[in-house]
1. I'd like the full set of residues that are open to solvent by 60 Å² or more (accessible area, probe 1.4 Å) and either within 14 Å of chain B (Cβ to nearest Cβ) or under 35 Å from the mean Cα position of the chain (by Cα) (or both), limited to region A:326-373.
2. Does A:ALA929 fit the bill of being over 13 Å from A:GLN661 (Cβ atoms), modelled with pLDDT of 50 or more and not in a loop (DSSP other than H, G, I, E, B)?
3. Say whether the condition of being in contact with a Pro (Cβ under 7 Å, 6 or more places away or on another chain) and open to solvent by less than 10 Å² (accessible area, probe 1.4 Å) is met by at least one residue in region A:535-552.
4. Residue pairs, Cβ under 7 Å, 6 or more apart or interchain, first in region A:495-507 and part of a helix (DSSP H, G or I), second among the acidic types (Asp, Glu). List them.
5. Hey, could you check region A:768-791 for residues that are closer than 18 Å to A:GLY288 by Cβ and assigned to a helix (DSSP H, G or I) and say which is least open to solvent (accessible area, probe 1.4 Å)?
6. Considering region A:748-767 alone, what residues qualify as being open to solvent by less than 20 Å² (accessible area, probe 1.4 Å) and of a type outside the set (Phe, Trp, Tyr)?
7. So in region A:419-461, with the set limited to residues that are in contact with a Lys or Arg (Cβ under 6 Å, 6 or more places away or on another chain) and among the basic types (Lys, Arg), which one is surrounded by the fewest Cβ atoms within 10 Å (Cβ to Cβ)?
8. For A:GLU532, indicate whether it is charged (D, E, K, R) and crowded, with 24+ Cβ neighbours inside 10 Å.
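The values are calculated or read from the model by the stated rules, or taken from the named source; none is laboratory data. Values in this document were obtained by computation on a predicted structure and should not be read as measured data. Don't worry about glycine lacking a Cβ; one is built from the backbone with ideal geometry, like all the others, and counts go over all protein chains shown. SASA here: full protein model, heavy atoms, side chains in, ligands and nucleic acids out. Shrake-Rupley method; radii C 1.70, N 1.55, O 1.52, S 1.80 Å.
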Amino acid sequence: MTTETAAWAPERDYGTPGTAATQTVDVTIDGRSVSVPAGTSVMRAASEAGVDIPKLCATDSLKAFGSCRMCVVEVGDVDGMRKGAPAACTTPCADGMVVDTRTDQVRRLRRNVMELYLSDHPVDCDGCSRGNCEIQALATTVGSAEVRYGRPESRDGVARPAPVDDSNPYFAFDPASCIVCSRCVRACSDIQGTFALTVEGRGFESTISPGGTDFLSSECVSCGACVQACPTSALQEHSIIQLGMPTRSVDTTCAYCGVGCSFRAEVTGAGPDDPEARVVRMVPTKAGGANEGHSCVKGRFAYGYAAHRDRQLSPMVRDSLDDEWRAVSWDEAITRVADGFKAIQSEHGVGAIGGISSSRCTNEEVYVVQKMVRAAFGNNNIDTCARVCHSPTGYGLKQTFGTSAGTQDFKSVEKTDVILLIGANPTDAHPVFASRMKRRLRAGAQLIVADPRRIDLVRSPHVEAQHHLPLLPGSNVAFVNAMAHVVVTEGLHDQEFLRERCEDVDAYLAFIADPVHSPEATEEITGVPADELRAAALLFARGDNSAIYYGLGVTEHSQGSTMVMGMANLAMITGNIGREGVGVNPLRGQNNVQGSCDMGSFPHEFPGYRHVSDDGVRGIYEELWGRTLDPEPGLRIPNMFDSALGGTFRGLYVQGEDIAQSDPNTHHVEAALRAMDLVVVQDLFLNETARFAHVFLPGTSFLEKDGTFTNAERRINRVRPVFGSKVGKDEWEITCAIGRAMGYDMHYDDAAQIMDEIAATTPTFAGVSFARLDEEGSMQWPVNDAAPSGTPTMHVDHFVRGKGRLVETEFVPTTERSTRKFPLILTTGRILSQYNVGAQTRRTSNNTWHPEDILEIHPADAEMRGITTGDLVDLSSRVGSTTLRALVSERIPAGVVYTTFHHPVTGANVVTTDNSDWATNCPEYKVTAVQVGVANARGETTAAAAEHPLPLVEPVETHA
Amino acid sequence: VTAPEARLGNDIARQFAHLPDEVAVAAIARHIETFWAPPMRDSLRELAAHDPDELDPLLASAAGLLHDKATRTEPAAHP
């Protein structure tokens, strides 16, 4: 295994952000000449010239502030005129400027300033002694060995003693160590966009405050930007206190959502194989293309699950579901899997087994799973958890644009004037992208939110949507058609773009101009007032750059694929495709959901979205893999379940997906799993699905993986192992071993070799290799001869399919309707601190924020049922029922209830149905007719808890 | 209990119901050929032959047009 690891060193801090200017100016700093873009600060220019200027309030992730006065320099102009001693951070370079950072006057000023800081900074500051404080080092640099004004001996002796705020589970705030430089306040407002922090008081009374309360009770979202920005130990991770400072670091990629943030894992211990090695902290890297130095509470802090005591490290088998698990050797487990699958195939046919790959695994791991299924199993029964989230995105964008992926990079939003956000809640589900979006909104972009629920972006500090269109669940297509109808009937469509770039134009324009699609005609369906929808459509059409961002509120419907095509129509008729600032942008759920789809995880497609019936493509793999491959599509996940109940599908390999919790209609899924002869689960934990498994194969966490993840912007990022595999094998090795045991020789020396095979066979990945990724940092596919460093913006001069196709998106309502028995519509979503079914986040202190799933219900619906906040309520649909606590809230409209699906004890999917997207069978999670009533048993234990043997996992602080 | 192939197929048929019958039936058949595994296509043919009442009439007609082999390239969502 290749483990790239480096001695610990923080990323270089240039003091102030760079500028985008192309014009350069020449300056001389301490006799060194340097050429920098116009507008660059003296501080940054000095840093680039190799001259470090002392600083405390400056850091290059924040605009210059000029408060600490440590960075004073002497500036002379070309004529030798002295300009005094300004702060280097706030002084822009001018052509010909001469700067001296070492004069006696500068040294004296700095020493004085530092003495003033130290006069209220305790001698026993633990950050100083630990090495996690810039003051101590800086005091030495500027020569403030003695403090003429005296120093407080202990933290109790500072001017304004205050207790340490330990309320946040991941970090503490010690006001005694704070120098009130405002880095944290600025990080919270400028980077994160939450505005939770402020400076209270004046002079010596000044203190940083999370709004007059403690951090946990405040509006703080625990993104950690303040902790990272703090130059002292005033804001400090608990892990630093517990484990000390790191000794080495590894650059890698987050394993939570589809934003795919780049991180530097900072680690203790001697090396990757040191059993005592622990992650001290995850620091987002400024060089990361997706996140550019920012993170959220999950990525930065919630990594402890990788070392949680629930983690299974040994293969296990059992003869029946009633037996106890028995730990066995890898050989025994693999033999059991292979013999079992072969026996099923010999009795029930080649197609009686299949596999499910995971969007939590690397491209290399996923590629190998589909290879095992196609070559070793000999069928195409391979599917992936993208089936239940973004499969309609793949279908809809391929139909209209020609490729199954979003059109932009995240940075594109900086050029957007009007954002149309549909069925997505970025501040909870894609928080780092949400921060980018909020920054753009604060700079003047306008926002339209189309969502039944009043999400935070509708109105939050310094952000307010121009329009919130609370459309009813299930009415998306009617809504997007009405938007397009207004654009076309008002004559605002981009005729030149349509003429040059699109096909089926006349038929579409005639279709959409039909008054049946007007906002007035569809008002009853969408629930959106016609005049408000008209105003929103005009805003979108008139924006210079209008962009659509969307999430699972689009895809997880019976018309999910139609809606994706409807949004593509809207982007095309307004000419908003093919440049920065525009596009149709899916916010993908999982870290590698894009990648798992790219890697041929669908039963009808080889890697690169090429149909299995294509003789040419199949020939490539048949020659390389040395097997005749099935030219017919295989079974999708729901088809596997149906076939299992029909007795024709009897063996399943599931990698890293908890289908018993995450897939709809849990009772149906469980019955299907029980009907199978052999269920193999490969995962970190004994998840809900493992209750129905006969063989358990332990998987590896992202901290042990070597490979790549591809995020929602098609960005291929390296995942590098921080530790060696804790289970003795890499996941792709396990898969290969099963293939070999079934008689098909598949072997790789390392993960890089797998990527080489992907690149050799998949045109969009032609230029990708680990070596190239290490050089570039990351690349966005397609990466080929025409775009050797990748493609940030797609469809620039022409669509991948040639002309963009306008599709007549007829609105066909779902068959799921509210009835007298089930009068409410349930829709589901996510919350910031938890992630999907919670397998990871529930095993971290993130439970502090969200210990259970809550049902949000409108006051009118609650009153009618006698429900008040905190009541246990029964939630039932035509397929099942569960019990959870209610929150009476006006965030959702009357007639609609909302919950999350993070906790197995609630089992929200017990109530969701078999309804699915017509084209891809993505489940209709977002629309379920339900009834809600006060539970009979008000009390400590819920009915759901009694049905489920697994206890709620209590918050446990662990370190990976 | 509705057969899964009937439920899934009827969902597809409803999406094309606004088109002229002949066009709709062809589109439904191409879609199913592209995305359905052969055993499911066989089940659909069986249903069309023995239990057509379970099927949307457009789907029942499409079942009669299914080729034995998968469509080689994905059909247009709308012809």
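1. Within region A:326-373, A:ALA327, A:HIS348, A:VAL350 meet the criteria.
2. On the way: over 13 Å from A:GLN661 (Cβ atoms): yes; modelled with pLDDT of 50 or more: yes; not in a loop (DSSP other than H, G, I, E, B): yes.
Yes, satisfied.
3. Yes, region A:535-552 contains a residue that is in contact with a Pro (Cβ under 7 Å, 6 or more places away or on another chain) and open to solvent by less than 10 Å² (accessible area, probe 1.4 Å).
4. Pairs that qualify, where the first residue is part of a helix (DSSP H, G or I) and the partner is among the acidic types (Asp, Glu), are A:ALA507/A:GLU808.
5. Among those that are closer than 18 Å to A:GLY288 by Cβ and assigned to a helix (DSSP H, G or I), it is A:LEU773.
6. A:ALA751, A:ILE754, A:MET755, A:ILE758, A:ALA759, A:THR761, A:THR762
7. Residues of region A:419-461 that are in contact with a Lys or Arg (Cβ under 6 Å, 6 or more places away or on another chain), as a first pass: A:428-429, A:453-454.
From the residues that got through so far, the ones that are among the basic types (Lys, Arg) too are A:453-454.
On the way: A:ARG453: 22, A:ARG454: 17.
Only one residue tops the list, namely A:ARG454.
8. Answer is no for this residue.
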